[in-house]
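Let me begin by presenting the structure, written as structure tokens, before commenting on it.
The values are calculated or read from the model by the stated rules, or taken from the named source; none is laboratory data. What you are looking at is a predicted structure, and each value in this text was computed from that prediction instead of being measured. Cβ coordinates were reconstructed from backbone atoms using ideal geometry, including for glycine residues, and neighbour counts include every protein chain displayed.
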Amino acid sequence: MQTEAGAYTQAGPGTSWSRIAGALALAIAVALFAGFLILPVVALLLRVPVSALGEYVTRPVVLDALKLSLFTSLCSLGLMLALGTPVAFVLARHRFAGKPLLETLIEMPVVLPPAVAGVALLLAFGRRGLLGPLLDTAGVELAFTTAAVVLAQTFVASPFYLRSAQAAFQSVPVELEQVAATEGAGRWARFWNVILPLSLPGITGGAVIAWARALAEFGATILFAGNFQGRTQTMPLAIYTQMESDLNAAIVMSAILVCSSFALLVTFRWLSRGQLEITGT
Amino acid sequence: MRPGCRHHPDPREGRSRQPEERAISTGTAAHVKLTAGAVQAMLAGIVAGALALAVLAILTGCAQRPPASATQATSTRGAATPATQTPSSPQHTVVVFAASSLKEAFEALGSNLEKQGVKVEYNLGGSQALAAQLAQGARADVFASADLRTMQSAIDAGVIVSGTQRVLATNRLVVVTQGAGTGTGTGTGRTAVAITDLHDLMRPGLRLVLADRTVPVGNYSLQMLDRLAADPAYGPGFKERVLANVVSYENNVRQVLAKVQLGEADAGIVYATDASTTTLRTIPVPDRYSPLARYYIAPLKDAPHPQAATVFITYALSDEGQQILQNHGFGRAQEGK
């Protein structure tokens with residue numbers, strides 16, 4: 001017994017010492033890395049010209065960019081919800097040949113450099129692109145239009161929505177659906193009354209994060225849609241252009257995007273947390 | 001968010017176990033605990049150490065520039081012999097921030113200088129973008145801008161000493177277009193608006209690309225439209241009608257060129273030198289309409305390699321350097337004075 005107690009008391013201080021050292025090292029690591037991630041945002045917010053904020057926000061270039069960003073990102077969101085939801089549902093509920101490949105290809109825009117996305121979009125939908133002649137005969141013109149902005153945003157942001165929506169659909173147990181079916185609910189009714197309500201937090205979360213990504217889109221837009229105030233110059237493009245002539249205007253717009261991105265991220269986390277509580281993980 | 005876990009809302013698992021374990025921790029268990037703690041601490045230490053190392057490496061490695069500040073530069077120059085200044089490499093390096101229209105000409109200048117032991121590194125972009133980078137503390141030895149306005153903004157930012165800038169070369173504007181003849185038969189015919197002279201710039205439906213007015217060439221383009229509009233042959237409404245055709249304001253002249261080359265735009269306004277790097281059809285702009293673009297060159301006040309900067313600028317302004325610029329379509333510096 002004595003030896004045991006001795007071992008314990010010996011181990012005691014050692015453990016606490018190494019715990020303290022470990023905790024200290026961890027704290028340093030966390031502080032360094034978190035600082036590295038947070039510092040740029042803090043530096044940006046510190047430079048916001050608070051006294052002249054109103055003057056900058058009401059400038060036509062800022063207002064136009066704000067309006068356009070809001071409009072195009074909402075259009076992109078609508079497209080993703082309308083077209084992406086069925087795709088996510090199929091991926092969640094069906095197995096078919098080549099599905100892993102399809103999933104990988106659909107996720108490609110997440111890792112593609114935005115400039116590559118822009119070049120690829122040009123080569124697909126540009127006037128000399130793969131579908132150029134087809135669009136031409138249909139009388140559709142995309143280059144340098146607001147539609148091109150929406151296309152670019154949808155291209156880069158939809159994987160974020162698809163991934164979340166697919167996971168949300170997968171989390172609805174098939175048994176529940178079967179129960180509903182035995183009670184006479186049709187396919188459509190099952191989707192609306194059982195699957196959709198249960199997967200809503202995940203779907204909304206995905207929509208929010210995809211919306212944030214659409215708002216942030218830059219590279220593909222400037223290459224594919226060009227840079228025209230009020231038509232294709234979204235917030236990131238306006239920041240890039242203003243950066244070179246009026247740094248303060250660029251800072252004000254950046255701060256607006258920082259705040260909106262933060263708000264969207266908080267919403268996303270809050271929605272995900274809600275889902276975690278329901279699932280009880 | 002974890003799929004498939006919805007079915008198991010089980011809050012009991014994994015609670016209140018650890019206290020029990022701790023209570024029955026005998027000698028060996030304590031040792032195990034000790035080593036586990038030590039391993040944890042070591043791992044954390046390694047993580048922290050690696051991070052600290054990475055930060056150190058970034059700070060020392062990337063910040064390590066020969067004569068970092070002005071005072072250091074003078075002290076090195078004063079104390080050390082020239083031979084000890086570049087002990088590791090026999091070559092001098094000069095970092096040149098240059099307007100994107102100077103690309104080919106400066107690359108030719110650079111390859112000649114490299115034979116003389118001066119290595120040239122370029123940062124090419126719109127002059128206004130380069131001036132903004134310099135104002136925010138970007139390190140460079142030489143700044144070559146496509147107009148006085150952007151050079152002046154670098155002077156105003158305090159990174160270039162007023163009076164050290166020299167006229168480097170001149171340039172003129174042209175209109176570039178795909179034209180009807182250049183297409184290789186892959187019918188985009190219907191929507192492409194062909195233009196043959198400057199009047200066509202106001203043809204409805206033309207897709208015209210300009211550089212942004214903050215970019216020197218964009219500013220020159222607007223001046224050109226002003227001059228054309230002042231001529232009764234074009235009419236006072238000319239500028240507005242042309243601007244109504246603009247589909248994009250690009251951030252440097254090469255992006256304007258690219259949009260026309262890709263066929264996305266029907267026409268663009270660029271420098272004569274840019275047009276000559278492509279096979280696009282050009283519509284010349286008479287000198288009375290085209291403002292004379294003046295390029296300026298200056299050393300940076302806190303240039304890390306001041307001697308190399310002088311070598312580069314002297315060479316660019318020498319007869320040989322001027323000849324190279326002319327070979328690429330630029331006008332002589334004297335014309336701009």
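Scanning region B:195-215 for residues that are at pLDDT 90 or above and either acidic (Asp, Glu) or in a helix (DSSP H, G or I) (or both) returns B:198, B:199, B:200, B:201, B:202, B:212.
Tell me, yes or no, whether region B:264-283 has at least one residue that is among the acidic types (Asp, Glu) and out of contact with any helix residue (DSSP H, G or I) (no Cβ under 6 Å at 6 or more places or on another chain).
First, the residues of region B:264-283 that are among the acidic types (Asp, Glu): B:264, B:266, B:274.
In the following step, the residues that additionally are out of contact with any helix residue (DSSP H, G or I) (no Cβ under 6 Å at 6 or more places or on another chain) were identified as B:264, B:266.
So far as region B:264-283 goes, yes, one or more of its residues are among the acidic types (Asp, Glu) and out of contact with any helix residue (DSSP H, G or I) (no Cβ under 6 Å at 6 or more places or on another chain).
State the number of residues belonging to region B:117-137 that are in contact (Cβ under 8 Å) with a residue 40 or more places away in the chain and more than 26 Å from residue B:278 (Cβ to Cβ). Residues flagged as in contact (Cβ under 8 Å) with a residue 40 or more places away in the chain and more than 26 Å from residue B:278 (Cβ to Cβ) within region B:117-137 amount to 2. Considering region A:228-273, and only residues there that are outside any helix (DSSP H, G or I) and either basic (Lys, Arg) or on the phi > 0 side of the Ramachandran plot (or both), the residue that is farthest from the other protein chains (Cβ to nearest Cβ) turns out to be A:230. Within the option set A:131, A:142, being surrounded by fewer than 17 Cβ atoms within 10 Å (Cβ to Cβ), touching a helix residue (DSSP H, G or I) at 6+ places or on another chain (Cβ under 6 Å) and under 21 Å from residue A:83 (Cα atoms) holds for one residue only, A:131.
I need a count of the residues in region B:284-325 that are surrounded by 22 or more Cβ atoms within 10 Å (Cβ to Cβ) and without any contact (Cβ under 8 Å) to a residue 60 or more places away in the chain. Of the residues in region B:284-325, 0 are surrounded by 22 or more Cβ atoms within 10 Å (Cβ to Cβ) and without any contact (Cβ under 8 Å) to a residue 60 or more places away in the chain. Checking region A:84-103 against the condition returns a match, with at least one residue being more than 13 Å from chain B (Cβ to nearest Cβ) and either of a type in the set (S, T, N, Q) or crowded, with 21+ Cβ neighbours inside 10 Å (or both).
Restricting to region A:120-141, count the residues that are assigned to a helix (DSSP H, G or I) and facing another protein chain (nearest Cβ under 10 Å). Lay out the reasoning, then the answer.
The initial filter retains those residues of region A:120-141 that are assigned to a helix (DSSP H, G or I), namely A:120-125, A:132-137.
Now restrict to residues that are facing another protein chain (nearest Cβ under 10 Å): A:122-123, A:132-133, A:135-137.
Selection size over region A:120-141: 7.
Note on region B:168-194: residues that are crowded, with 18+ Cβ neighbours inside 10 Å and either modelled with pLDDT of 85 or more or of a type in the set (Lys, Arg) (or both) amount to 10.
Quick one: which of B:139, B:166 is basic (Lys, Arg), within 16 Å of the chain's Cα centre (by Cα) and away from chain A (no Cβ under 14 Å)? Let's see the steps before the verdict.
On the way: B:166 fails: within 16 Å of the chain's Cα centre (by Cα).
Answer to the check: B:139.
Go through region B:220-337 and tell me which strands (runs of 3 or more DSSP E), entirely inside it, have 1 or more residues that are in contact with a strand residue (DSSP E or B) (Cβ under 7 Å, 6 or more places away or on another chain) and more than 14 Å from chain A (Cβ to nearest Cβ). Answer list for region B:220-337: B:267-271, B:281-284, B:293-299.
Under 25 Å from the mean Cα position of the chain (by Cα) and either more than 14 Å from chain B (Cβ to nearest Cβ) or at pLDDT below 90 (or both), is that true of residue A:42?
Values: under 25 Å from the mean Cα position of the chain (by Cα): yes; either more than 14 Å from chain B (Cβ to nearest Cβ) or at pLDDT below 90 (or both): yes.
Yes; evaluated as a whole, the condition is true for this residue.
Yes or no: residue A:172 facing another protein chain (nearest Cβ under 8 Å), of a type outside the set (Lys, Arg), without any contact (Cβ under 8 Å) to a residue 40 or more places away in the chain and in a loop (DSSP other than H, G, I, E, B)? Spelling it out, residue A:172 is indeed facing another protein chain (nearest Cβ under 8 Å), of a type outside the set (Lys, Arg), without any contact (Cβ under 8 Å) to a residue 40 or more places away in the chain and in a loop (DSSP other than H, G, I, E, B). Name, by its number, the condition in (1) closer than 30 Å to residue B:209 by Cβ; (2) within 14 Å of another protein chain (Cβ to nearest Cβ); (3) part of a helix (DSSP H, G or I); (4) in contact (Cβ under 8 Å) with a residue 40 or more places away in the chain that does not hold for residue A:144. Exception for residue A:144: condition (3). Condition check for residue A:221 on (1) in a helix (DSSP H, G or I); (2) within 8 Å of another protein chain (Cβ to nearest Cβ); (3) of a type in the set (S, T, N, Q); (4) closer than 21 Å to residue A:123 by Cα: one failure, at (2).
Being closer than 20 Å to residue A:150 by Cα, in contact with a strand residue (DSSP E or B) (Cβ under 7 Å, 6 or more places away or on another chain) and surrounded by 21 or more Cβ atoms within 10 Å (Cβ to Cβ) narrows it down to one residue among A:228, A:224; which is it? Let's see the steps before the verdict.
Numbers: A:224 fails: in contact with a strand residue (DSSP E or B) (Cβ under 7 Å, 6 or more places away or on another chain).
A:228 is the lone residue from the list that is closer than 20 Å to residue A:150 by Cα, in contact with a strand residue (DSSP E or B) (Cβ under 7 Å, 6 or more places away or on another chain) and surrounded by 21 or more Cβ atoms within 10 Å (Cβ to Cβ).
Restricting A:150, A:110 to those that are in contact with a helix residue (DSSP H, G or I) (Cβ under 8 Å, 6 or more places away or on another chain), surrounded by fewer than 18 Cβ atoms within 10 Å (Cβ to Cβ), in a helix (DSSP H, G or I) and away from every other protein chain (no Cβ under 11 Å) reduces the list to A:110.
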